[in-house]
Amino acid sequence: MSVPRRPFVPLFLLIVLLVAPAAAQTDGITITGTVMDDSTGGPLPHTHVFISGSMTGTAVGEDGRFRLSGLSPGAKRLYVTRLGYEAEQMTLVLPSDTTITLHFRLEPTVIRAEAVTISDQRDEEWYERLDRFKRLFIGESEAAKRCRLTNPKVLRFDTAWWGKFEAEATRPLIFENRALGYRVTYYLKEFEVRGDIVRWDGEPVFAPLSPRDSVEAARWTANRREAFYGSLRHFLLALLNDRVQEEQFQMHRMPRAQAFRRLGRADRLPADRDDIVAGRVDSLYALNFRGALEVRYSGEAESSAYLEWADAHRASRSYQVSRIRLNKHPIHVDRRGEIVEPYGATLRRYFAFSRRLARLLPHEYRPPNTSLAASVPSK
């Protein structure tokens, strides 16, 4: 996904597994399994197993077994990681009321030793690169000001080639987001900037923070609502629920190739839900359209932070405008409003601005009293 000045392109390896039910359950989906050392065949206790982008995770027991229960249907990325071993991930498209069992054998990997230095201090250039990384990865919203990377020294930066900026992390990145009230552990696999394109790949898992007082708790509730409403997930859930207008969205097709660049001269055609949602297979919905889709959200005005990020020298509008272009035809969206394909869509404008870590919410989150279901029911 990308934008003209602040591009965003998440990447990850996608392996889709259609799982057949093993036993009927009444409390959602359960995943059980084992994690073993591929070399010795012995169990790997304390391995972390979690659903990427969620608050659902567990540690492997001394016997090498794990269990995740109460999961909802739809696409899930299961991530298995342990220090000193190659991580594994799998994307599962899960039907309802299912119990499945998975077995993982992790391969040992060589841990690169840190460079020996006399001082633990980083030079001025490293801090400049860190600031750039945080602006691009955490974001430049008001929420970003309250989102702190607690272990920045695990980051390494590479600017060996002109126009290229890369970052890697020797350990998971730990973020304390006191704007939304989450501790986010992010397993960064790749981060690179080439020209005006920024791409990264990684797996986040969320844990709730404890508010200092009732004032902070109330602020988190309000900030989470703000981060959700008008977001890409909000729009996709509104689309799948057939509540686009009720959720204060408008859609226009922009079929001309230069639609992204020349707003004033681009053709606009009203778009209906049936023009976008091509159909449903199992728990996945197919989305298909040509050109660009312009999405206007009238439920909230543009923020000053967005105008600064977009380098827009004008007054704030009373609505937010985003654009989506499909890189594949069709793409698929699961019942939680998440795009399945890693390279499926390019986001611009407000969707791209809001898809930074500081405004990232776990998949489970829904605003209180929302008219949108936590997941679109099967029909």
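Answer yes or no: is there a residue in the range 159-176 that is under 24 Å from Thr56 (Cα atoms), β-branched (Val, Ile, Thr) and crowded, with 20+ Cβ neighbours inside 10 Å.
no
Check Met55 against each of (1) buried (at least 18 other Cβ atoms within 10 Å of the Cβ); (2) aliphatic (A, V, I, L, M); (3) touching a Phe, Trp or Tyr at 6+ places or on another chain (Cβ under 7 Å); (4) at pLDDT 90 or above and name the one condition it does not meet.
(1)
Tell me, yes or no, whether the range 156-172 has at least one residue that is under 17 Å from Gly53 (Cβ atoms), under 18 Å from the mean Cα position of the chain (by Cα) and not in a loop (DSSP other than H, G, I, E, B).
Checking the range 156-172: not a single residue is under 17 Å from Gly53 (Cβ atoms), under 18 Å from the mean Cα position of the chain (by Cα) and not in a loop (DSSP other than H, G, I, E, B).
In the range 155-185, what residues are within 15 Å of Leu130 (Cβ to Cβ) and among the hydroxyl-bearing types (Ser, Thr, Tyr)?
Within the range 155-185, Thr159, Thr170 qualify.
Check the range 65-77 and report whether any residue there is at pLDDT 95 or above, over 30 Å from Ala312 (Cα atoms), outside any strand (DSSP E or B) and outside the structural domain of Ile197 (by TED's automatic domain parsing).
no
For Arg280, only one of the following conditions fails: (1) more than 23 Å from Arg199 (Cβ to Cβ); (2) assigned to a helix (DSSP H, G or I); (3) not acidic (Asp, Glu). What is its number?
Looking at each condition in turn, Arg280 falls short on (2).
Give Thr81, Thr91, Thr101 a once-over and let me know the one that is within 21 Å of Leu284 (Cα to Cα), of a type in the set (S, T, N, Q) and in contact (Cβ under 8 Å) with a residue 60 or more places away in the chain.
Being within 21 Å of Leu284 (Cα to Cα), of a type in the set (S, T, N, Q) and in contact (Cβ under 8 Å) with a residue 60 or more places away in the chain holds for just one of Thr81, Thr91, Thr101, which is Thr91.
Count, please, the residues in the range 248-275 that happen to be at pLDDT below 95 and assigned to a loop (DSSP other than H, G, I, E, B).
13
Looking at Trp220, is it buried (at least 21 other Cβ atoms within 10 Å of the Cβ) and either part of a helix (DSSP H, G or I) or of a type in the set (Phe, Trp, Tyr) (or both)?
No.
Can you tell me which residue is nearest to Thr91 (Cα to Cα) among those in the range 271-321 that are free of Cβ contacts under 8 Å to residues at least 60 places away in the same chain, of a type in the set (D, E, K, R) and surrounded by 15 or more Cβ atoms within 10 Å (Cβ to Cβ)?
Here the answer is Arg273.
Which number in (1) assigned to a loop (DSSP other than H, G, I, E, B); (2) crowded, with 22+ Cβ neighbours inside 10 Å marks the one condition that Ala358 misses?
(1)
Which one of the conditions (1) among the hydroxyl-bearing types (Ser, Thr, Tyr); (2) in contact with a strand residue (DSSP E or B) (Cβ under 8 Å, 6 or more places away or on another chain); (3) at pLDDT below 90 does Ser322 fail to meet, given that it meets all the rest?
In the conditions (1) among the hydroxyl-bearing types (Ser, Thr, Tyr); (2) in contact with a strand residue (DSSP E or B) (Cβ under 8 Å, 6 or more places away or on another chain); (3) at pLDDT below 90, Ser322 misses (3) alone.
Within the range 322-342, does at least one residue satisfy the condition of being surrounded by fewer than 19 Cβ atoms within 10 Å (Cβ to Cβ), in a loop (DSSP other than H, G, I, E, B) and without any contact (Cβ under 8 Å) to a residue 24 or more places away in the chain?
yes
Step by step: first the residues of the range 89-108, then only those that are crowded, with 20+ Cβ neighbours inside 10 Å and at pLDDT 95 or above, then the one that is nearest to Thr32 (Cα to Cα). Which residue is that?
Phe104
Do you know which residues across the range 142-164 are under 24 Å from Trp220 (Cα atoms), charged (D, E, K, R) and touching a strand residue (DSSP E or B) at 6+ places or on another chain (Cβ under 6 Å)?
Of everything in the range 142-164, just one residue is under 24 Å from Trp220 (Cα atoms), charged (D, E, K, R) and touching a strand residue (DSSP E or B) at 6+ places or on another chain (Cβ under 6 Å), namely Arg148.
The values are calculated or read from the model by the stated rules, or taken from the named source; none is laboratory data. Just so we're clear, the structure is a prediction, and the values are computed from it rather than from any experiment. Cβ atoms come from the backbone with ideal geometry, glycine included; neighbour counts cover every protein chain shown.
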